[in-house]
Amino acid sequence: MPNEDTRHLAHLCGLADNPNLPVHLLDKLVVMTSGELDAGGDLFGFGGPGTQIPEAADIPAMESTGEVMARRTDLPVETYHQMATDRRLWVRLYLARNPALPESLLWTLADDRAVRPELAWNPNVPLSLLAEIAVTVNLPHILLPRVASATPPELRWLATAKDWQVRALAAMHKKLPQDLVDKLINDPETRVIQALVAAKNPNCPPELLHKLAHRSEPTCPHIAQHPNANAETLVACLRVLPARRHAAKHPNLPAETITELLDDPDLLVAEAAAANPALPRKVMERVLMQSC
């Protein structure tokens, strides 16, 4: 059975998610959960003078209160500004992804080096701020929400940016105009082309993938997953260890190569080969018979 302290913390978490909590109590809850207020039993008008509320830093359940509030999209702007100064990093990290934050607060949070990378995942982050983040933070080759919702003029702005990191953001978009795809395919920075391949852009020609597989080994894991990769390119990707299990599962890999990979010392590669739809049925039957 939960004790009274645990129950009280559950109540606080519930209040944090309650849309009808009055503003003056909301402000007190924000201060209390950030550990800046010595909360007594009368904070919300209940409990006697002797009621003890554990320190926020000592009770993991209290942290979920801050998490709930940082994710809410219906709070007053003043409350978001208050939470942006919370001394606990993870509260500010959750807050950075909140689409309800005003643009001015997003720029303010960008000055917090620890929080800055999280702003890239905010669907409403200004493109100019996202471009600054991309240059200063090592972002993964993933289509970010703000780029996914970008208009054609915005995509063109990204794809023609001076910094390659910004062009790489646009390269992750699968519905780029053909002229932008052609431009990015011939980008002088290999990592922009890698982003285009990682996005599995259907306009990447097999010839480009083959040339890139021989020119840039770090790109091979992405090439091995691209639907336009041909048999010769996939065989070339097999020389790169991180790409082997992806190439082993690609339906364009020659049947005899897939069969050979069933005996690969890396069991992940062997499993991928067994899962390949191009594995001959006779080989499938043989594998099953060997398991009996």
So which helices (runs of 4 or more DSSP H) stay within the range 71-141 end to end and still have 2 or more residues that are without any contact (Cβ under 8 Å) to a residue 60 or more places away in the chain and within 20 Å of the chain's Cα centre (by Cα)? 89-96, 103-109, 116-119, 127-136
Criterion first (closer than 23 Å to VAL181 by Cα and of a type in the set (S, T, N, Q)) does ASN276 satisfy it? no
I'm told LEU268 meets every condition in (1) under 27 Å from the mean Cα position of the chain (by Cα); (2) at pLDDT 95 or above except one. Can you identify the failing condition by its number? (2)
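Return yes or no: is VAL125 at pLDDT 95 or above, within 25 Å of ARG215 (Cβ to Cβ), surrounded by 19 or more Cβ atoms within 10 Å (Cβ to Cβ) and of a type in the set (Val, Ile, Thr)?
Spelling it out, it is not the case that VAL125 is at pLDDT 95 or above, within 25 Å of ARG215 (Cβ to Cβ), surrounded by 19 or more Cβ atoms within 10 Å (Cβ to Cβ) and of a type in the set (Val, Ile, Thr).
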Condition first: free of Cβ contacts under 8 Å to residues at least 60 places away in the same chain, under 19 Å from LYS174 (Cβ atoms) and surrounded by 15 or more Cβ atoms within 10 Å (Cβ to Cβ). Now tell me which residues in the range 215-242 satisfy that. THR219, PRO221, ILE223, ALA224, GLN225, HIS226, ASN228, ALA229
Restricting the search to the range 249-269, which residues are of a type in the set (A, V, I, L, M) and surrounded by fewer than 16 Cβ atoms within 10 Å (Cβ to Cβ)? ALA255, LEU267, LEU268
If I filter the range 173-193 for residues that are in contact (Cβ under 8 Å) with a residue 24 or more places away in the chain, under 21 Å from LEU143 (Cα atoms), touching a Cys at 6+ places or on another chain (Cβ under 9 Å) and buried (at least 20 other Cβ atoms within 10 Å of the Cβ), do I get at least one hit? yes
Any idea which of (1) β-branched (Val, Ile, Thr); (2) surrounded by 16 or more Cβ atoms within 10 Å (Cβ to Cβ); (3) free of Cβ contacts under 8 Å to residues at least 12 places away in the same chain is the one THR151 doesn't satisfy? (2)
Check on LYS211, farther than 27 Å from PRO123 by Cα and modelled with pLDDT of 95 or more: no
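The values are calculated or read from the model by the stated rules, or taken from the named source; none is laboratory data. Just so it is clear, the model here is predicted, and its values are computed rather than measured. Here Cβ is always computed from backbone atoms with ideal geometry, including for glycine, and neighbour counts include all displayed protein chains.
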